[in-house]
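**Q** Handing you this structure, nothing more for now.
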Amino acid sequence: MKKITKYFVIALLGLYVSNVAAQETNEALANSKKEEQIILLKDKIRAHEKDALKIEVEKINDRVIKKEITYEQGEDLKQEAAKKRALNIENRIALFENKLAFYERNNLSTPFDLDGNLKRKEIDLGFKDLNDISNFTGITVIDSVKTHVKYDTRTTNELLFAGGYNNAIVDGGSLKSSPYDINKSGFMEIGWNWKTRLGLSGNAPRIKYGLAFQVNRYQLEDNKIFVQNGNTTTLETFSEDLKLSELRITNLVVPVYFEFGKMRKIEKPDRVRYINDGKFKFGLGGYAGLRTGTMLKLKYKQEGDNVKEKIKRNYNTNPFIYGVGAYVGVGDYSLYMKYDLSETFKNDALKQNNISLGVRMDFD
C-alpha cells in the first residue's frame, strides 16, 4: 500500500511539473508573438503617417501646378507637413505604449487588434496657410489600413499604324509637276512608340519616341519607268504598254514627336491613370533613319503574255532619311502628314522630296 501511495504521489508531481513547464512555454510563445505584433503595429503607425504625408504633398504639388501658390511656398508647406507627420509618429507611438501599459497593469483587454491592425481613422483638416485658419481647403479622411496608391507611371507604350496618300514635290515646285499618279500612290507606316509625360498633370505635354517601318509607293504615269545608269537615275518611256509602273521605297526610322492636349484622369483604389480617350490632341516632331530597300515593279504585255517584273536595285535613292511630321486628332485617331527633308534620290537631275497625307492610329 505504501508503494502504491508513493508511486501515485510521484505521478502527481510529474504531471504538475510538466503542466507548469507547458504553461511557461505557452506564456513565452504568447509573449514573443505579442512583442512581434506590437512591433508590427508601430510600423503601421509610421506607414500610416507616411501615406498621409504623400497625400498632403500631392495636394501641395497640385496647387503649385495650378499657380495658387509659388514653388517656394510649396516647399515651405512640404517642410511643415513633414515636421507635423514626424511629431505625429512620435506622439502616436508614445500614446500607444502608454495605453498598452495601462491596460496590462490593470489586467484589462487591450483596445488594439494585435493581429496587426489599428482600429483608427484620421480626419485631416487642410488650410492654404497654416497660420490662417480662415483659408480652409477641405477635410481628408485617411484610413489607417488603406492600401498604398500606385501612381501612374510617366511612360506608357502604344502601337502606331498609319496609311494614306503619297506623292512628291519635284524641284521645289508643286504636286502638279510630280510624275506620279496621286490617286494610286500611297504610304504605310507601322511601329511601336513609347510616350513619356513631361509633367505631373494630364495637361502636360508628352514626348513620343520609338521605331517605325515606312513604305512609300509611287505609281508612275505616261508609261514611264526609272532607269539606273551608274550614279544617275532618269525617267524614260517604256517600250511596251505598261499596266503598272511602281517604285517602292522602304525605310526604318526613329520618330520623335511632342504631343499636346488634355488627358482624362482615371482614379482607382490602387492606381491613377491618364488617357487621351476622346480628347483633342496634336503632335509636332520628326523622324530619321535608313533606307532598307528599293524596288521597281512592272506589269505589261509582251507578245501576248502577261509579264510581271520586280527589279531590286538602289536606283541611287538616298540611304539616309530624315523629315518632319505633324498630326491632329481626337483619341486614338488623327489626321497625319509627313515630309522628307532629305531628297529621295542623291546626285540626280530629278530632285524630289516625299510628302504623305493620311490617317494615323495610336493604340495605347
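**Q** Two decimals is fine: what's Rg over Rh for the stretch 265-335, C-alpha atoms, Kirkwood radius as Rh? Intermediate values should be presented prior to the final figure.
**A** Numbers: Rg = 22.9 Å, Rh = 17.3 Å.
That ratio equals 1.32.
**Q** Long-range amide H contacts for N203: which residues qualify at under 5 Å (H placed 1.01 Å from N, peptide plane, sequence gap of 5 or more or a different chain)?
**A** Excluding prolines and chain starts, which carry no amide H, the hits are M263.
**Q** Ok, one more. Got a number for the accessible area of E36? Probe 1.4 Å, square angstrom, nearest 10.
**A** Looks like 120 Å² after rounding.
**Q** Projected onto the charge dipole of the stretch 42-88 (+1 at Lys/Arg Cβ, -1 at Asp/Glu Cβ, origin at the Cα centre), which of A81, I60, A47 gives the Cα projection farthest towards the positive end?
**A** Result: A47.
**Q** For the stretch 303-364, count the residues as N, evaluate 2.2 N^0.38 Å, and divide the Cα radius of gyration by that value, please. Numbers along the way, then the final one.
**A** Values: Rg = 17.4 Å, N = 62, 2.2 N^0.38 = 10.6 Å.
Its radius of gyration relative to the 2.2 N^0.38 Å reference: 1.65.
**Q** For the stretch 258-356, which whole percent of the accessible surface, found with a 1.4 angstrom probe, sits on carbon and sulfur atoms?
**A** That share works out to 55 percent.
**Q** Which value, in debye to the nearest 20, describes the size of the charge dipole of the stretch 163-309 about its Cα centre when Lys and Arg Cβ atoms bear +1, Asp and Glu Cβ atoms bear -1, and nothing else is charged?
**A** Details: 23 positive and 16 negative charges, 273 e Å.
Result for the stretch 163-309 is approximately 1320 debye, rounded to the nearest 20.
**Q** Past 21 Å, Cα to Cα: identify those pairs from K66/K262; K224/K312; K184/K208; K184/K279; K265/K338, in the order given. Numbers along the way, then the final one.
**A** Values: K66/K262 14 Å; K224/K312 17 Å; K184/K208 31 Å; K184/K279 33 Å; K265/K338 31 Å.
Table pairs above 21 Å Cα-Cα are K184/K208; K184/K279; K265/K338.
**Q** Let me ask you something else. To the nearest 0.05, how large is the calculated FRET efficiency for K50 and K346 if R₀ is 56 Å and r is the Cβ-Cβ distance?
**A** It comes out at approximately 0.35.
**Q** Which distance in Å, rounded to a whole number, links the C-alpha centroids of the stretch 39-72 and the stretch 228-267?
**A** Going from one Cα centre to the other spans 51 Å.
**Q** Rank these by accessible area, largest first, 1.4 Å probe: E259, E343.
**A** Details: E259 0, E343 65 Å².
Final ranking, largest accessible area leading: E343, E259.
**Q** Okay, next question. If R0 is 56 Å, what FRET efficiency do you get for K66 and L357 from their C-beta distance, rounded to 0.05?
**A** Using R0 = 56 Å, I get an efficiency of 0.90.
**Q** Roughly how many nanometres apart are two label points built 7 Å out from the Cα toward the Cβ at T156 and W194?
**A** 1.6 nm
**Q** Sticking with this one: Just how much of E246 is accessible, in Å², when a 1.4 Å probe is used and the result is rounded to the nearest 10?
**A** 10 Å²
The values are calculated or read from the model by the stated rules, or taken from the named source; none is laboratory data. The structure presented is a predicted model; accordingly, all values stated were derived computationally and were not measured. Cβ atoms come from the backbone with ideal geometry, glycine included; neighbour counts cover every protein chain shown. The protein model used for the area step is the full one, side chains on, heavy atoms only, and it has no ligands, DNA or RNA in it. Shrake-Rupley method; radii C 1.70, N 1.55, O 1.52, S 1.80 Å.
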